[in-house]
Structure formats: C-alpha cells, structure tokens
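Written below as structure tokens is the structure these notes are about.
The values are calculated or read from the model by the stated rules, or taken from the named source; none is laboratory data. Just so it is clear, the structure is predicted and the values come from calculations on it, not from any experiment. Here the Cβ positions follow ideal geometry from the backbone for every residue, glycine too, while neighbour counts run over all protein chains shown.
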Amino acid sequence: MIEDSFILELKKVSKVYPPNIPALKDISFKVKRGEFVFLTGPSGAGKTTLLKLLFRAEKASSGEIWIEGLEVGSITRGQLPFLRRKIGVVFQDFKLLQDRTVLENVGLSLEIMGYGRKQIERRVKQILKAVGLEGKENICVAQLSGGEQQRVAIARAVINRPSILLADEPTGNLDKKRTKEVIELLEELNAMGTTIILATHDDTLFKNTHRRVLFLKDGHMEA
Amino acid sequence: MIKRAIRDFKANIGTQIGTCFVIALSVLVVGFFATLYVNFLNISEQISSRLGIVVYIKPGSEEQIPQLYQKLTKLKGVISVKYISPKIAFKRLKEYFKDEPQILEDIKPSIFPPTFEIHVKQALLNPENLAKLAQEISKWPLVEKVQYGKGWVESFKGLSKIVKILAITSAIIVLLATAFVVANTIRLTIYSRRNEIEILRLVGATSSFIQIPFILETLIQALIGNFIAFAIIYGGSFYFKTLILQNPILATIGFSSLPIKYALVITFITIVVCLMTTVISMNKTLKV
C-alpha cells in the first residue's frame, strides 16, 4: 500500500514491447501529494511510455504502480474509466475534437461523469477564464492557434479537478512566450493543490527551479 | 445520451440515411411476402369453406341418422355437418337441370342415398387432416362411401408448401442481409469516429457511455427504416385493394392488408436483429 503523503509510487516497473524490445527497466520512484515533478530525458528515453503506464493506456510488463491506493495493473476494465477520471492528461498532440467547440471539448470530462448542461457551461466558463480563453467557448477548436489549443487541452484535463495531472511535452509545439504562459498556468494549478508530472526534453523548463527532476535514459532512471 | 445520439446521427447523415434505406428495403421485402402469405391464407380459407367431405349412408339406415349426425359433429376439426335427405338431393338436381326437366322424368328421389356434407376447419392448410377424417368415417359400419376433393387438396398442399418456404426463406435471407449491412455501417461509423472514441476512453468514459449512443442510433435507423417500409406496404395495399374492388371477379376474392400484429412482430424482430448486430459489432471493433 502507498503511504498517505504519497499520491503515486512505482515499484520496479518495466515495460517490454514484443518481440523483446525493452522500453522501461526497473523504474521506482514516489511522488508526494501536491508535488510538481519534471520527467526528462532525450527522445526515445521512455517518458511517454512511462506516462502511458500511469493512466493505463498501456500495461506494465512487470512491477507495481500505485495511484491513490489503487494498483493500476490489477484494476479491471470496468474500473479503468474511474481511475482515468482521477488523472488529468495533457497530450503532446492535444487530442482534441477539431470539429467541436471549445465548450464541447472541455466539457467532455464532465459530460462523461453525468453533469448537466448548465453545470458544464458554468464550470467550462470558469476554467476557460483561468486558462486565459474567456469568451471562446463557442469557437470551433480548429479555428484556434496551437497555443490556444494546448490551453484547451489543459482546461479539459483539469476541469474535473483530478488529483494528479500528467503533461506530455505540453510546450512542445509552442513558442517561448506561449511556453512561459503554459508553465505559469501549471504552476498555478499546482499551487491550488494538483500534483503535476510534466514530461519534457526541454531542459530550460526546469533550469533554475527548485522542482524535483527525474531523468530517464534508455529506459533507465538515472539518479 | 439521446442528444449525443441525435447529434451523431446528424453528423453522419449520409451513412445513416443509407442504412435506414437498406433496413426499409429489407422490411419491405419481408412485408411483401408476409402480405402475400396472409392473402394466400385468406383465399385458402375461402376455398376451404366450400370444400368438404361428402358421406354416403347405406340405404335402410335412415333411423340412425340422428345418432350419426351427433357422432359427426363431435369429430375434431369439423365446423359444420349438414344432412342431405334423398328428397333434398333430388330437389337440388331438379334445380340444376331446370332447363332440361325431361332428363329426370323417370328418376325417383329414393334412388339417392342419404348423405352428410361436412365442412372441416382449414381443410386446405391441413390436407392430411381432411384425408385422415375421410378415412376414419369410411370405416364406420353405416357409411357406404366417403368423397372429398382429393385432387384439389393435393395440388393446394404443394402450393401451400411453396408459399410457406418462400415466405420463411425470404425472411431469413433478408434479415441476414440486414444484419450484415448494419454491422458494416457500425464498423464504418466506429472507424470514422475512432479518434473521438479514443479521446472518450482516455478522459474516462465508461463503455456504456461510448456504446449507448451507437445503440440509440441503430434504434433510430431501425424505427425510420420500418416506418418507411410500412408506409409503402400499407399505401400499396390500399391502392391494390381499390384496384381489386373495381374488378367484379377479383372483388369476390378480396384483398387483405398486412395485419398490424404482423407488422409489429416484423418491427420487433428487425429492431432485435439490428441491436444485436450493433452490440456484437461494437464489442468486436471496440474490444470492450
């Protein structure tokens, strides 16, 4: 079992793709509740794979992953949606529905939980204000810039107040100004109590920061 | 959920209309054969009412006619029993030869044996019963001879079998074809919306949240398809009925529209087949 102060714990987690391609080897670490952790390493180091294991987009080949008292590997298909509701994910490629409005995209996380239309509208307006997209709820996502789309993705990931937010290269497609805005937004969310794990290969994001940084290289975690 | 289903239905309107059309066509074929079968049953019932068994009684058995009458009415499948005395038989003959009365000049009513005319329930649809009944009666000691329209019955029996096979085979083939088309449409729809489904799963949507709109869409398709098909079937039946009533010969046969209970059964089966296909197809494609 995970200690109460820790929200996430990995114990000797490995991932091997068939036929026998190792992606992660014996990864172990703990993340405290409310912590902001950077996960870094060169391309192909296994950052995205590690995040995928956390929200069970993929299953670990061995080891244990504990999130909020649940062992991710042992949960059933029926329990999986409820685990994912506890985890907000910001994808590198945004994963937004381009033909839908900002309101429909951001509200999706609440719609699946059975919230009513009015409640969804109210919460979406609140979160859009927080991410600097106020008044854009009825605009089609395809009409937004890359930076705005990234903020829509963040808004969708945090609207249902997840206990943990996983961000996979959230600034990968953004210029310096937008990158700064996104990091500031994530800092704000963290200040409000959300645990954040940010995967990035851009070391400028965590240089001169007091945050913990986890290094991955060739599937191994380096001290 | 319903709103999502309607929105998705509108978003993929081309595919949806195509599926509705295929379902309508399938129901139309089944409905056409069902209407044909219903009318075949009606015609056979009409002929049955005129077809019966004639039982000739041995001369000198007149005193036992009442007991025989009672015995005949108690037989299974018998609708009515009519006693034809020699006098009535002679009267009928006289009526038949009313333009040539000289033919019957030397004939006396006593030469006609007393007879019974028996009408049997659905004689044409159950020709075996008619033959069995005739055979049974012929074994009775007071019975001289038993006659029934054997030739008629035999040929109608063949026709009845063909119509039955046609109706059942067409229904099975058409339902299988419908299931195939619905399954493919669902697969195509799932493929065209795989991005949306993936996102839904990643943000924590349950399987039922993903599947229910698809099921509702199929339900809408099946209902629209059935509505179109039965509008054509009942519209066509009304037009056909009007045409038949204008023709004095055909008017005696008449025309029956498909009974509502048949339409409801067809609709129910179509919906069940479409929904089952959708669920199976989704489980395969979504691997939930």
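Taking the criterion of being surrounded by 20 or more Cβ atoms within 10 Å (Cβ to Cβ), under 14 Å from A:Ser109 (Cβ atoms) and among the basic types (Lys, Arg), the only residue of the stretch A:141-176 that qualifies is A:Arg156.
When you look at A:Thr204, is it more than 15 Å from the chain's Cα centre (by Cα), surrounded by fewer than 22 Cβ atoms within 10 Å (Cβ to Cβ) and not in a helix (DSSP H, G or I), yes or no? Working first, answer last.
Details: more than 15 Å from the chain's Cα centre (by Cα): yes; surrounded by fewer than 22 Cβ atoms within 10 Å (Cβ to Cβ): yes; not in a helix (DSSP H, G or I): no.
Taking the combined requirement at face value, the residue does not satisfy it.
Considering the conditions (1) within 12 Å of another protein chain (Cβ to nearest Cβ); (2) of a type in the set (Lys, Arg); (3) closer than 24 Å to A:Asp202 by Cα, A:Lys180 is excluded by exactly one of them, (1).
It is to be established whether one or more residues within the stretch A:129-140 are at negative phi, of a type in the set (S, T, N, Q) and surrounded by fewer than 20 Cβ atoms within 10 Å (Cβ to Cβ).
Taking the stretch A:129-140 and keeping what is at negative phi, we get A:129-131, A:133-134, A:136-140.
From what's left, of a type in the set (S, T, N, Q): A:138.
If we keep only those that are surrounded by fewer than 20 Cβ atoms within 10 Å (Cβ to Cβ) too, we end up with A:138.
Yes: one or more hits.
Yes/no per residue for (1) surrounded by 12 or more Cβ atoms within 10 Å (Cβ to Cβ); (2) assigned to a helix (DSSP H, G or I); (3) not aromatic (Phe, Trp, Tyr):
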position	(1), (2), (3)
B:Glu144	yes, no, yes
B:Lys157	yes, yes, yes
B:Ile165	no, yes, yes
B:Ile168	yes, yes, yes
B:Ala171	yes, yes, yes
B:Leu175	yes, yes, yes
B:Val181	yes, yes, yes
B:Thr185	yes, yes, yes
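Remark: B:Ile228 falls outside the filter, which requires a residue to be more than 30 Å from B:Leu41 (Cα to Cα), assigned to a helix (DSSP H, G or I), modelled with pLDDT of 85 or more and not small (Gly, Ala, Ser). For the residues B:Leu245, B:Leu188, B:Leu219, the requirement of being within 17 Å of B:Ile6 (Cβ to Cβ) and either more than 13 Å from chain A (Cβ to nearest Cβ) or touching an Asp or Glu at 6+ places or on another chain (Cβ under 9 Å) (or both) singles out B:Leu219. If the condition is being within 20 Å of the chain's Cα centre (by Cα) and hydroxyl-bearing (Ser, Thr, Tyr), then the stretch A:136-165 contributes only A:Ser163.
For the stretch A:73-90, name all the residues that are buried (at least 21 other Cβ atoms within 10 Å of the Cβ) and at the interface with chain B (Cβ under 10 Å from one of its Cβ atoms).
Within the stretch A:73-90, the subset buried (at least 21 other Cβ atoms within 10 Å of the Cβ) is A:81, A:84, A:87-90.
Passing the criteria: A:Pro81, A:Arg84, A:Ile87, A:Gly88, A:Val89.
Filter the stretch A:91-109 down to the residues that are part of a helix (DSSP H, G or I) and facing another protein chain (nearest Cβ under 10 Å), then identify the one that is nearest to A:Asn173 (Cα to Cα). Break it down stepwise before answering.
Within the stretch A:91-109, the first condition is being part of a helix (DSSP H, G or I), and the residues that meet it are A:102-109.
With the extra rule that they be facing another protein chain (nearest Cβ under 10 Å), the set shrinks to A:104-105, A:108-109.
On the way: A:Glu104: 23, A:Asn105: 20, A:Leu108: 23, A:Ser109: 23 Å.
Ranking the candidates gives A:Asn105 first.
Taken over the stretch B:7-55, the criterion of being over 24 Å from B:Tyr234 (Cβ atoms) and without any contact (Cβ under 8 Å) to a residue 24 or more places away in the chain is satisfied by B:Arg7, B:Lys10, B:Ala11, B:Ile13, B:Gly14, B:Arg50.
Residues of the stretch A:147-162 that are of a type in the set (Gly, Ala, Ser) and modelled with pLDDT of 90 or more: A:Ala153, A:Ala155, A:Ala157. Considering only residues in the stretch B:192-209 that are more than 9 Å from chain A (Cβ to nearest Cβ) and in contact (Cβ under 8 Å) with a residue 60 or more places away in the chain, the one that is farthest from B:Phe33 (Cα to Cα) turns out to be B:Ile197. The set of residues from the stretch B:252-288 being modelled with pLDDT under 85, loosely packed, with under 12 Cβ neighbours inside 10 Å and in a helix (DSSP H, G or I) comprises just one member, B:Thr252.
Residues of the stretch A:138-165 that are among the polar types (S, T, N, Q) and away from every other protein chain (no Cβ under 12 Å): A:Asn138, A:Gln143, A:Ser145, A:Gln149, A:Gln150, A:Ser163.
When B:Gly31, B:Gly60, B:Gly77, B:Gly52 are screened for being touching a helix residue (DSSP H, G or I) at 6+ places or on another chain (Cβ under 9 Å) and over 15 Å from B:Glu117 (Cα atoms), only B:Gly31 passes. Need the failing condition index for B:Trp140 against (1) in the same structural domain as B:Leu25 (by TED's automatic domain parsing); (2) outside any helix (DSSP H, G or I), just the number. Condition not satisfied by B:Trp140: (1). Going by the conditions given, is B:Tyr239 closer than 19 Å to B:Asn42 by Cβ, of a type in the set (Phe, Trp, Tyr), in a helix (DSSP H, G or I) and touching a residue at least 60 places away in the same chain (Cβ under 8 Å)? The answer is no for B:Tyr239. Just one of the numbered conditions (1) closer than 30 Å to A:Asn20 by Cα; (2) over 19 Å from the mean Cα position of the chain (by Cα); (3) crowded, with 18+ Cβ neighbours inside 10 Å; (4) of a type outside the set (A, V, I, L, M, F, W, C) is not true of A:Arg56: (2).
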